[in-house]
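Take a look at the structure below.
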Ligand SMILES: O=C(O)COP(=O)(O)O
Ligand SMILES: [Mg+2]
């Protein structure tokens with residue numbers, strides 16, 4: 001089966017790196033950095049939205065020009081912000097076990113391509129994924145279904161499970177009509193019950209079991 005993962009808030013907690021970028025950018029503007037809680041709540045819809053939310057939170061007026069300038073400064077730093085990211089517990093083992101079991105693994109993230117590829121490399125994940133689709137690679141972003149569908153297409157098509165942490169991921173899966181496993185310990189803001197999902201889990205030790213169920217469900221449907 002294809003198993004496609006979201007990145008931020010699902011495989012890695014990257015909020016400390018993003019917070020550090022905010023410290024540089026907001027510091028240049030004489031503003032306080034984002035808190036970690038603010039950072040987590042601003043991630044999910046890509047870097048442009050994150051920069052808008054960051055500006056609003058620090059009372060910086062958003063015009064197309066001010067946004068373009070601050071976004072440009074932000075992404076120039078973002079590519080190097082990889083040092084503080086950590087895997088959620090059990091991720092490394094779960095990916096290794098699923099890969100060894102013959103599943104194809106993919107990554108579908110609203111993080112821009114350069115920082116996404118930089119952190120994948122930094123975390124040693126380059127050999128793990130059969131396909132990576134990050135923001136900017138196609139003219140669409142989650143929760144539109146296109147990025148997820150493109151990831152599946154790049155993996156050769158076929159039965160797929162999508163694994164993510166946010167409202168955006170749940171909605172993306174729903175629109176793509178792909179079964180969804182919700183990781184509950186990432187950056188979601190809503191109660192679990194309010195988010196459409198087929199499975200939820202709070203530790204990656206559980207994922208293998210979910211994949212077995214997903215395969216069984218798929219086989220039963222055929
Ligand atoms: O960078 C973002 O806004 C979201 O990234 P994600 O899609 O990997 O959660
Ligand atoms: Mg996420």
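Some notes on this structure:
- Computed [θ] at 222 nm, deg cm²/dmol, the chain (DSSP H ≥ 4; -39,500 (n - 2.57); rounded to nearest 500): -14000 deg cm²/dmol
- Segment residue 153-residue 100, extension gain: residue separation times 0.36 nm, minus the distance between their alpha carbons: 16.9 nm
- Largest GNM mean-square fluctuation among 162, 78, 88, using the chain with Cα springs under 10 Å: 88.
- Shape analysis of the range 15-78 based on the Cα gyration tensor places the equivalent ellipsoid semi-axes at 15, 12, 11 Å, largest first.
- Value of relative contact order over the range 15-78, rounded to a whole percent, pairs C-alpha under 8 Å and six or more apart: 34 percent
- Linear extension gain, residue 137 paired with residue 177, 0.36 nm per residue minus alpha-carbon span: 12.2 nm
- Inter-part distance where the range 187-222 and the range 37-96 are each reduced to a Cα centre, Å: 27 Å
- Relative contact order (percent, whole number), the chain, Cα cutoff 8 Å, 6+ residue spacing: 25 percent
- Where only C-alpha atoms are counted, convex hull volume of the range 64-222 per residue in Å³: 130 Å³
We did not get these values from a lab; they are worked out from the coordinates using the rules stated. A quick note: this is a predicted structure, and the numbers were derived from the prediction, not measured.
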